[in-house]
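A.B. asks: So that we are looking at the same thing, I have put the structure below in structure tokens.
The values are calculated or read from the model by the stated rules, or taken from the named source; none is laboratory data. For clarity, every value in this text was computed on a predicted model and none was experimentally measured. All Cβ positions, even for glycine, are placed from backbone atoms using ideal geometry, and neighbour counts span all protein chains on display.
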Amino acid sequence: MNVAYTLLIVDDERQNRALLTELLKDEYRLILAKNGVQALERAAEHKPDLILLDVLMPEMDGYTVIRRLKNDESTRDIPVIFVSALDSAESEERGLELGAVDYISKPFRPSIVRARVRNHIQSVHQRRLLEQLALLDALTEIPNRRRFVQVYEQEWRRCKRHGSALSLIVVDVDHFKFYNDNHGHTAGDDVLRQVGHTLRAALKRSSDFVARYGGEEFVILLPEVDREGAHALAEQVRAEIELLRIPHPHSPVQPWITISLGGATETPDDGQSESELFSVADSALYEAKRTGRNRVVWATPAGRSWEGETV
């Protein structure tokens, strides 16, 4: 576990930096800083998992450093352990009040440093696991709506900066209520798992993203993919779901599970918001369902007319 975690060691004395490096180098990736300015710069750049921070440093002491770390949204959640020659109760109390998670007095005992660092890294590890679980859909084990919102906002901003296309596909399982009513929710859950797995397997690039949006609805996000490429992928996943031949005898579309898809592509600019692209793709999905389902309907650039695949 530990080798994946990064520690920032901040101390103005070279000997102390060397001692801590020797003590921790086999378990963690280490970044060093010799003053407060370097500490703030490297914390912002590398986002370490834990900071070991000296208190007594010239120009900018550790108390000032932690205040600035906590005032910066990008670094405020990084845990800080003070390592200081100040061993009074007042110094320790001040450090903890400023947001430090622990306080180690110099001269430190190596076994104590290792144990305390390991304990706090374990807490970081557990918090990350909980955060990851909070962003996964428990049923399908793909990202959930909350995670989609985060990724969508990030990709919208990134594509706007780079002047790149962003494609969005909204997917709905056709007549899923009929399936649940006739086969039960346990069988319905299994269908949703298979659909989610098939959609995820169809995405080849690390930047491609799929999430369960809610109920029987999924979303696919394709940064830097134009309309033609995204439309082709949508048709591919529609065909792959149909080829699963999951029996659905009560569907008026086909005697097996099918999906409908609506898509849209935009190059984000300052005159648009990400909600507009989603609204257009969702309207395209509505058109796919209105015109017979088991098809892909793509919004034209104006977003007011449709290009579709009839199956």
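A.B. asks: Which members of the range 3-28 meet the condition of being buried (at least 16 other Cβ atoms within 10 Å of the Cβ), closer than 19 Å to His120 by Cα and of a type outside the set (Val, Ile, Thr)?
C.D. replies: Selection gives Tyr5, Leu7, Leu8, Leu20, Leu23, Leu24, Glu27, Tyr28.
A.B. asks: Let me ask something else. With the requirement that a residue be under 22 Å from Thr21 (Cβ atoms), among the basic types (Lys, Arg) and either at pLDDT below 90 or outside any helix (DSSP H, G or I) (or both), what does the range 93-129 give you?
C.D. replies: Lys106, Arg109, listed by residue number.
A.B. asks: For the range 262-287, which residues satisfy the criterion of being touching a residue at least 60 places away in the same chain (Cβ under 8 Å) and outside any loop (DSSP other than H, G, I, E, B)?
C.D. replies: Gly262, Gly263, Ala264, Thr265, Glu266, Glu274, Leu277, Phe278, Ala281, Asp282, Ala284, Leu285
A.B. asks: Quick one: is Leu50 touching a residue at least 60 places away in the same chain (Cβ under 8 Å), over 23 Å from the mean Cα position of the chain (by Cα) and within 18 Å of Val113 (Cα to Cα)?
C.D. replies: In short, no.
A.B. asks: For the range 59-92, which positions are outside any strand (DSSP E or B), among the β-branched types (Val, Ile, Thr) and either farther than 18 Å from Arg17 by Cα or at pLDDT below 90 (or both)?
C.D. replies: Hits for the range 59-92 are Thr64, Ile66, Thr75, Ile78.
A.B. asks: While we're looking at this one, here's another question. Output the number of residues of the range 130-162 satisfying the condition of being of a type in the set (A, V, I, L, M), more than 21 Å from Pro223 (Cα to Cα) and part of a loop (DSSP other than H, G, I, E, B).
C.D. replies: Of the residues in that region, 2 qualify.
A.B. asks: Further question on the same structure: Just to check your reading of the model, which residue among Val210, Val171, Val225 is under 16 Å from Gly262 (Cα atoms), of a type outside the set (Asp, Glu), part of a loop (DSSP other than H, G, I, E, B) and touching a strand residue (DSSP E or B) at 6+ places or on another chain (Cβ under 6 Å)?
C.D. replies: The match here is Val225.
A.B. asks: Select from the range 35-58 the residues that are part of a loop (DSSP other than H, G, I, E, B) and over 21 Å from Asp87 (Cα atoms) and list them in ascending order.
C.D. replies: Within the range 35-58, Lys47, Pro48, Asp49 qualify.
A.B. asks: Taking the range 40-72 as the search range and keeping residues that are within 23 Å of Arg128 (Cβ to Cβ) and hydrophobic (A, V, I, L, M, F, W, C), which one is surrounded by the fewest Cβ atoms within 10 Å (Cβ to Cβ)?
C.D. replies: That would be Ala44.
A.B. asks: Here is a further query. Here are some residues: Arg128, Arg157, Arg76. Which one is within 26 Å of the chain's Cα centre (by Cα), closer than 30 Å to Ala201 by Cβ and not assigned by TED's automatic domain parsing to the domain that holds Glu287?
C.D. replies: None of the others qualify; the one that does is Arg128.
Each row is one residue, and each column tells you yes or no for (1) over 26 Å from Gly163 (Cβ atoms); (2) in contact with a Ser or Thr (Cβ under 8 Å, 6 or more places away or on another chain); (3) assigned by TED's automatic domain parsing to the domain that holds Ile169; (4) not charged (D, E, K, R).
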| site | (1), (2), (3), (4) |
| --- | --- |
| Ala211 | no, no, yes, yes |
| Gly214 | yes, no, yes, yes |
| His231 | no, no, yes, yes |
| Ser260 | yes, no, yes, yes |
| Thr267 | no, yes, yes, yes |
| Asp270 | no, no, yes, no |
| Glu274 | no, no, yes, no |
| Asp282 | no, no, yes, no |
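A.B. asks: Scan the range 85-108 for residues that are under 20 Å from Asp49 (Cβ atoms) and of a type in the set (Asp, Glu) and jot them down.
C.D. replies: Hit for the range 85-108 is Asp102, nothing else.
A.B. asks: Please verify whether Arg146 is under 27 Å from Pro268 (Cα atoms) and either loosely packed, with under 15 Cβ neighbours inside 10 Å or free of Cβ contacts under 8 Å to residues at least 12 places away in the same chain (or both), treating the condition exactly as stated.
C.D. replies: So Arg146 passes the test.
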